[in-house]
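Encoded as structure tokens, the structure appears first; notes follow it.
The values are calculated or read from the model by the stated rules, or taken from the named source; none is laboratory data. Only a predicted model underlies this, so the values are computations on that prediction, with no experimental measurement involved. Methodologically, a virtual Cβ is constructed for each residue, glycine included, from the backbone with ideal geometry; neighbour enumeration extends over all protein chains shown. Each accessible area value is taken on the protein alone, full model and side chains, heavy atoms only, with ligands, DNA and RNA left out. Shrake-Rupley method; radii C 1.70, N 1.55, O 1.52, S 1.80 Å.
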Amino acid sequence: MRILSGVQSSGRLHIGNYYGALRQFVQLQDEGEGYYFIANLHALTTVRDPKAALALTREAAMAYLSLGLDPKKAVLFRQSDVREVLELYWILGTVTPHAHLERAHSYKDKVAKGISPDFGLFAYPVLMAADILLYSADFVPVGKDQIQHIEFARDWAVKFNTQYVPGYDPADPEGKERGHAPGILKLPSARIQETTQTVPGVDGQKMSKSYGNTIEMFGDEKEIKKRIMSIKTDSTPVDAPKPLPTQSPPPGLVSDAPLYDLLKLMLPESEFAEVDATWRAGGKGYGDYKKKLLEAYHAAFGPARQRYAELAADPGEVERILQDGASRARAEASRLMDQVRKAVGVP
């Protein structure tokens, strides 16, 4: 089983990245063959400072390693180090319907938030599909909001295979039936982590760099404390029971009680049971719960923060790991692209 996913290096990684993706990546490296990349080409849609682009890419690599990704088990690499992805990006784009890109959730959401609607942003799903298809991934761990990208990758792989693979039958994509040919591009499946699909930010919206509502994993300690103490709450008195999150929060929010949801996410089950009991009974103020969350943060990320500092002091080792990962990823990518080029008639 081959697993593939990546994290965009468009800003410093936060706890939403961890609980929504990175924690799962670390767990999955023991279940199959993991290919994990730093999406520094995707990041160019928003990061236009070259020094920042280099620094953020390096920081993303250090974050992966600090959180437990083992480069002996999994392949960790920079997206830009495997140039075949750009070749597949273009070839795949020649069979991508324009209408699909127009209805991409990520494009419409980012434009609504004021990000310039340039070609890079519009064609973003095609590059994402090329990332996935280039390594013949079986599963792609994603959040609920990313499922559409996997559906696009599957649709476009079918279109490519139908166009260029004689004997290919979309109803039998692996060519198991007599007379059918397997597709060159393998159809991936999404793997959803149901319990942590979306992590709320300090304002109740989805935690996201673009919303400025994150709690960083490796940021300055004073800033971390400031962010946690600024989590949005209401004016419920100390002695009164606190409101629980609603099933359907107001438009634009993923939680109307982000402090409660973050405590539930980060605390061990037994500790959260105690918090839940006092939350429902009253007698404690929101400030007490924020201090509890700060303690949970340091318990969860203290060791990783120490490892991150060690890696920051040894950039040569980080680069060695990335170059080794790139070599392994390129070997796989080149095999796939040999088939793609032959199929489309490109020497």
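Considering only residues that are more than 23 Å from Arg305 (Cα to Cα) and over 15 Å from the mean Cα position of the chain (by Cα), look in segment 202-212 and name the one that is least open to solvent (accessible area, probe 1.4 Å). I'd like the intermediate steps shown before the answer.
Kept after step one, since they are more than 23 Å from Arg305 (Cα to Cα), are these residues of segment 202-212: 203-206, 210-211.
Subsequent filtering for residues that are over 15 Å from the mean Cα position of the chain (by Cα) retains 203-205, 211.
Values: Asp203: 43, Gly204: 0, Gln205: 44, Tyr211: 62 Å².
The qualifying residue least open to solvent (accessible area, probe 1.4 Å) is Gly204.
It is to be established whether one or more residues within segment 230-242 are part of a strand (DSSP E or B), among the charged types (D, E, K, R) and either more than 19 Å from Val142 (Cβ to Cβ) or touching a Pro at 6+ places or on another chain (Cβ under 9 Å) (or both).
no
Name, by its number, the condition in (1) modelled with pLDDT of 95 or more; (2) of a type in the set (Ser, Thr, Tyr); (3) surrounded by fewer than 16 Cβ atoms within 10 Å (Cβ to Cβ) that does not hold for Thr195.
(1)
Pick from segment 114-137 the residues that are within 16 Å of Ser5 (Cβ to Cβ) and part of a loop (DSSP other than H, G, I, E, B): which of them is most open to solvent (accessible area, probe 1.4 Å)?
Applying the first criterion (within 16 Å of Ser5 (Cβ to Cβ)) to segment 114-137 yields 124-125, 127-137.
Still in the running and part of a loop (DSSP other than H, G, I, E, B): 135-137.
Working: Tyr135: 6, Ser136: 32, Ala137: 1 Å².
Filtering first and then ranking leaves Ser136.
Name every residue in segment 231-242 that is among the polar types (S, T, N, Q) and surrounded by 14 or more Cβ atoms within 10 Å (Cβ to Cβ), in order of residue number.
Thr233
Counting residues that are closer than 22 Å to Met207 by Cβ and touching a Phe, Trp or Tyr at 6+ places or on another chain (Cβ under 9 Å), which strands (runs of 3 or more DSSP E) fully inside segment 1-80 reach at least 3?
2-8, 33-39
Which members of segment 149-177 meet the condition of being touching a strand residue (DSSP E or B) at 6+ places or on another chain (Cβ under 9 Å), surrounded by fewer than 17 Cβ atoms within 10 Å (Cβ to Cβ) and among the basic types (Lys, Arg)?
none
Scan (1) in contact with a helix residue (DSSP H, G or I) (Cβ under 7 Å, 6 or more places away or on another chain); (2) in a loop (DSSP other than H, G, I, E, B); (3) open to solvent by 70 Å² or more (accessible area, probe 1.4 Å) for the single condition Lys264 breaks and write down its number.
Against the list (1) in contact with a helix residue (DSSP H, G or I) (Cβ under 7 Å, 6 or more places away or on another chain); (2) in a loop (DSSP other than H, G, I, E, B); (3) open to solvent by 70 Å² or more (accessible area, probe 1.4 Å), Lys264 comes up short only on (2).
Of everything in segment 292-347 that's without any contact (Cβ under 8 Å) to a residue 24 or more places away in the chain and under 30 Å from Trp279 (Cβ atoms), which residue is surrounded by the fewest Cβ atoms within 10 Å (Cβ to Cβ)?
Step by step, filter segment 292-347, then rank; the result is Gly302.
Could you pull out the residue among Ile215, Ile224, Ile228 that is open to solvent by less than 10 Å² (accessible area, probe 1.4 Å), touching a strand residue (DSSP E or B) at 6+ places or on another chain (Cβ under 6 Å), within 29 Å of Ile38 (Cβ to Cβ) and modelled with pLDDT of 95 or more?
Among Ile215, Ile224, Ile228, only Ile215 is open to solvent by less than 10 Å² (accessible area, probe 1.4 Å), touching a strand residue (DSSP E or B) at 6+ places or on another chain (Cβ under 6 Å), within 29 Å of Ile38 (Cβ to Cβ) and modelled with pLDDT of 95 or more.
Could you list all residues from segment 44-59 that are open to solvent by less than 30 Å² (accessible area, probe 1.4 Å) and at pLDDT below 95?
Correct list: Thr45, Val47.
Could you check segment 159-195 and list, in sequence order, the residues that are assigned to a loop (DSSP other than H, G, I, E, B), within 20 Å of Gln146 (Cβ to Cβ) and not polar (S, T, N, Q)?
Correct list: Leu185, Lys186, Leu187, Pro188.
Which residues, taken from segment 84-107, are hydroxyl-bearing (Ser, Thr, Tyr) and surrounded by fewer than 14 Cβ atoms within 10 Å (Cβ to Cβ)?
Thr94
On the given criteria, is Leu259 open to solvent by less than 30 Å² (accessible area, probe 1.4 Å) and at pLDDT 95 or above?
yes
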